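Asks: Here you go, one structure.
Derivation of every value follows stated rules applied to the coordinates shown; laboratory data play no part. For clarity, every value in this text was computed on a predicted model and none was experimentally measured. With ideal geometry, Cβ positions are generated from the backbone for all residues, glycine too; neighbour counts draw on all protein chains shown.
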Amino acid sequence: MELKAVLFSQIIQAQGIPDRVPMALNGYFGFPDPVDMLGACFDGRTITNSSAFNFAFYNNPEVNRLLDLAAPEVELAKRYALYQQAEELIVRDAPWVFLGHPNLVVLRQPWIKGPLVEPLWWYRYDRVWIEK
């Protein structure tokens, strides 16, 4: 194996093209909804000859079907159950090596007010203030 250091923008572009990058270490950060990651990274119909986020070029027709059923579902319990079924198939097929998930820790003084941590943009300093 030959390791090659590249810019983040270069690896994102290159790893989404078939037969360009044999393996990469990366992560995914998106909206706090299953449709964002599962649809972008594991829907086989997103595979193209140009760069796409389905870096593993994963295509499982049953996962695709479950994603189609889950995305428009308005009943949350049913929607999440469908996504859970899709996730179980994805983990079983192992197109990625799932290494971990970050935990955010915030220590703050009682006089700092506002939501410092949010699900979408982790730390939001523009929404906090000091109250004396």
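Asks: For the range 1-78, what is the charge dipole size about the Cα centre, in debye to the nearest 20, if Lys and Arg each add +1 at the Cβ and Asp and Glu each add -1 at the Cβ?
Replies: For this selection, approximately 260 debye.
Asks: Just add up the charged neighbours of LEU67: K/R +1, D/E -1, any other residue whose Cβ is under 12 Å from the Cβ of LEU67.
Replies: Overall, the nearby charge balance is -3.
Asks: Relative contact order of the chain: what whole-number percent is it, with Cα pairs under 8 angstrom and at least 6 residues apart?
Replies: Computed value for the chain: 16 percent relative contact order.
Asks: For LYS113, which aspartates and glutamates qualify as cross-link partners when the Cα separation must be under 12 Å and same-chain residues fewer than eight apart are set aside?
Replies: The qualifying aspartates and glutamates are ASP126, GLU131.
Asks: According to a simple spin-label model (label point 7 Å from Cα along Cα-to-Cβ), what is the distance in nm between ARG45 and MET23?
Replies: 3.3 nm
Asks: Most fluctuating residue of GLU75, GLU62, GLU88 in a GNM of the chain with Cα springs under 10 Å: which is it?
Replies: Evaluated over the chain, the most mobile residue of the options is GLU75.
Asks: Same structure, new question: State which helices in the chain qualify, where a helix is a whole DSSP H run, it must extend 18 Å or more along its own axis by its Cα atoms, and its mean Kyte-Doolittle hydropathy must be at least -1.0.
Replies: 76-93
Asks: Follow-up. Distance between the C-alpha centers of the range 58-116 and the range 41-55? Whole Å please.
Replies: About 18 Å separates the Cα centre of the range 58-116 from the one of the range 41-55.
Asks: How large is the helix-only mean residue ellipticity at 222 nm for the chain, computed as the sum of -39500 (n - 2.57) over DSSP H runs with n ≥ 4, divided by its residue count, in deg cm²/dmol to the nearest 500?
Replies: For the chain, the value works out to -10500 deg cm²/dmol.
Asks: Then there is this: Can you tell me the FRET efficiency between TRP111 and GLU73 if r is taken as the Cβ-Cβ distance and R0 is 35 Å, rounded to the nearest 0.05?
Replies: E between TRP111 and GLU73, to the nearest 0.05, is 0.20.
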